[in-house]
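This report concerns only the one structure given below.
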Amino acid sequence: MSMVTSNSYLESLLQGQPQLPPSPLAWFNQLRASAVDRAGMLKLPTTRDEDWRFTDISPLAKLSFQPARAVSTLQAPDVERFYLDEAAIRLVFVDGAYMPQFSTQPNKARDLGLTVTDLSSTAVSSHGAVIEPHLGRHAGFQDNLFAALNTAFLHDGALVIVPRNAVVDAPVHVLFIATQPEVASHPRCLLIAESGSAVTIVEDYVTLQEGAYVTNAVTEFVLEGNAQVNHVRIQRDSTQAFHIGHCAVSLAHASRYRSVSVALGARISRYDLNARLAAEGAECAIDGLALISGRQLADTHTCIDHAQPDGISRQLHKCIVDGAAHAVFNGKIMVRPGAQRTDSTQSSRNLLLNAKARVDTKPQLEIFADDVKCAHGATVGQLDIEELFYLKSRGLSELAARNLLTYAFGAEIIDRIPVASLKQRLEQTVFEQTKRS
Amino acid sequence: MIHEDSKALLEIRGLRATVNGIEILKGIDLTVRSGEVHAIMGTNGSGKSTLAKVLAGHNAYQVTGGSITFEGNNLFDLEPEERARAGLFLAFQYPIEIPGVSNSHFLRLAYNTVQAQHGKDELDPLEFEDFVREKMKLLDMNPDFLDRGVNEGFSGGEKKRNEILQMALLEPRLAILDETDSGLDIDALRIVTNGVNKLATKDNAIILVTHYQRMLNYIVPDFVHVMQAGRIIKTGGKELALDLETRGYDWVGAEYHAAAEA
């Protein structure tokens, strides 16, 4: 991403935000200030940038976005429909603002031995020493405009700290709800899983309107030694919206990170997931599903960075593309010098349901160690005629058979979500979405 | 069982079919009446599986001549799913695996589709569960197979049982069993054929497509047809299968060609 000195669009975006109250933590204010500076120097990526080759976000620059207004009209039933039965703890943000009235009380998290709070809360000050080494340090913003913007607007956000050896069975649900058109919000999450702890976190982007807006999210996950984190990320933004998501995961010794991300919404979505296996024996499983139609574009860029020996990574990414939609997958596997006995597999499987649908898939292996096991593969195809015939020979109509097979293709990823009610709900959504009349 | 006055379910006349422009079926004539069991035997490549696929309506096979009437209707007017709903069933030689769709979901969809066709009530998942478990007993199948993906990771024998389970659910008028015996050990063969026998009535009919006589020890055919090079070259009773088992197929071909030359 190159630099320019003036960029009116970004200036307006930066100035559009109301003055954020300063934090009692000096480093926090400093972080924000340097992000503001950096954001002013970076420009919106174009298709001439290799990382954005297939994803033209120029429509984003054509829209004017207002600061989100404070929401007062939202009623509990509007929000409750998104709740998860299993979740013991829930943080709700509306157009980027923390909503304590819809969130579970902090003492509930304390009872479970967790710290779950809003980043702007005064509670954060008491965790300053724990947060400082991590907030904004994993999702770097030096070369990333969107991460810089998000950090510049750092105010509300989810903070989850799982203390040493704490095992939390019930998932933590972080729910971001979009209610206003033509606003930009900058959701932020920081999860610190201390050594030996285990937690499941659901990062959930939903909407109550069908207008255009921007969600620019940054998530940082820190897994200390032996920690186990399940991360479910669901993007169900409006099909007019822009969704830019950035997730950075740092894995310490023998820690295990499993993620399932599902992209259903947004006119243009881009999700960058960077997992750094920073110590020996770390393990990650990163699965994704993009299910898009119409004129949607869904771009997933992942980077799994094997920096130390004996790491294991597994990745299955699937795209189901209908209409004139366009899916992009770029999966980079980096095996650094000395990262011996790395064991990595990556598979990109894509289903095109329409002659106008398009997918660009690019596995990217960079291997600088000699004793490694790395396998990758990509397929792009249509529904299998033998499978269709089998279903039809049992009385299913052509349409019912196509729907069922399309659903099944996506179900393989949905099945990996470790939260039953969410899995069920998504299965239903996918089934409805693949059910074309 | 042959019944003199039973009506013809299936009438094939002069059927010709090609795949990728190559003629595989070169004039098949066959009449199947309700209550009957027909065995179609022949070596690999004789066209028996092609006949099965043409009957089920696979679009990779082009019919280039002849006619097929199923219960008085022109079969070629019907799509594969319409044939299934009309009561024609093909047990696949190689059942397809569909990961991501649970077997119970698939079985219920198929069952309800065919039920709806007959103006009968569909079953909800709970009702179906009870119903299908009962049917599974017929084939000595473990109910765990309901929760797995359709045929996913099933052994050859398990797949064949699952095919016959579908036959038991759909209660077709005409079932074509394409090499259902292949891949079955002797115990599984006994269970599967026993299940088929229980499903046979005087109102339906079965066509067994097989390479070997083995299955015919359990499901006794009324007619045995020998196929070679896309034609039925000999038809006989159940004893013909035993002859083939001891003498092989060559003599039938020789006899057919001698007769053709005479």
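Specify which of the listed residues (B:90, B:139) is under 20 Å from the mean Cα position of the chain (by Cα) and modelled with pLDDT of 95 or more. Checking each option against the conditions leaves just B:90. Taking segment A:296-317 as the range and being touching a Gly at 6+ places or on another chain (Cβ under 7 Å), surrounded by fewer than 24 Cβ atoms within 10 Å (Cβ to Cβ) and within 22 Å of residue A:383 (Cβ to Cβ) as the test, no residue passes. Which of the residues belonging to segment A:260-277 are part of a strand (DSSP E or B), hydrophobic (A, V, I, L, M, F, W, C) and either out of contact with any helix residue (DSSP H, G or I) (no Cβ under 9 Å at 6 or more places or on another chain) or not assigned by TED's automatic domain parsing to the domain that holds residue A:242 (or both)? Across segment A:260-277, the qualifying residues are A:263, A:273, A:275, A:277.
Residue B:136 fulfils the conditions (1) over 15 Å from residue A:408 (Cβ atoms); (2) within 13 Å of chain A (Cβ to nearest Cβ) except for a single criterion, (2). Got at least one residue in segment B:107-120 being of a type outside the set (D, E, K, R), away from chain A (no Cβ under 14 Å) and surrounded by fewer than 18 Cβ atoms within 10 Å (Cβ to Cβ)? Looking through segment B:107-120, at least one residue is of a type outside the set (D, E, K, R), away from chain A (no Cβ under 14 Å) and surrounded by fewer than 18 Cβ atoms within 10 Å (Cβ to Cβ). Restricting A:400, A:411 to residues that are over 21 Å from residue A:263 (Cβ atoms) and either facing chain B (nearest Cβ under 8 Å) or of a type in the set (Gly, Ala, Ser) (or both) narrows the list to A:400. Any residue that is in contact with a Phe, Trp or Tyr (Cβ under 6 Å, 6 or more places away or on another chain), surrounded by fewer than 22 Cβ atoms within 10 Å (Cβ to Cβ) and within 10 Å of another protein chain (Cβ to nearest Cβ) - is there at least one of those in segment B:99-106? No: segment B:99-106 contains no residue that is in contact with a Phe, Trp or Tyr (Cβ under 6 Å, 6 or more places away or on another chain), surrounded by fewer than 22 Cβ atoms within 10 Å (Cβ to Cβ) and within 10 Å of another protein chain (Cβ to nearest Cβ).
Where helices (runs of 4 or more DSSP H) sit wholly within segment A:100-200, those with at least 1 residues that are touching a Leu at 6+ places or on another chain (Cβ under 8 Å), at pLDDT 90 or above and surrounded by 18 or more Cβ atoms within 10 Å (Cβ to Cβ) occupy A:128-131, A:145-152. Filtering segment A:364-397 to residues that are away from chain B (no Cβ under 14 Å) and surrounded by 19 or more Cβ atoms within 10 Å (Cβ to Cβ) leaves only A:372.
Of the residues making up segment B:228-249, those that are charged (D, E, K, R) and either in a helix (DSSP H, G or I) or free of Cβ contacts under 8 Å to residues at least 40 places away in the same chain (or both) are B:234, B:238, B:239, B:243, B:245, B:247. Checking the structure you have, find out if any residue of segment A:249-267 is closer than 20 Å to residue A:375 by Cβ, in contact with a Ser or Thr (Cβ under 7 Å, 6 or more places away or on another chain) and not hydroxyl-bearing (Ser, Thr, Tyr). No - not one qualifying residue is present in segment A:249-267.
Condition check: buried (at least 18 other Cβ atoms within 10 Å of the Cβ), within 13 Å of chain A (Cβ to nearest Cβ) and of a type in the set (Phe, Trp, Tyr). Does residue B:128 satisfy that? No, not satisfied.
Residues in segment B:76-87 that are touching a helix residue (DSSP H, G or I) at 6+ places or on another chain (Cβ under 9 Å) and more than 9 Å from every other protein chain (Cβ to nearest Cβ): B:78, B:86, B:87.
The values are calculated or read from the model by the stated rules, or taken from the named source; none is laboratory data. Treat the numbers as computed from the prediction; the structure is a model and nothing was measured. No Cβ is skipped: glycine too gets one built from the backbone with ideal geometry, and neighbour counts run over all protein chains shown.
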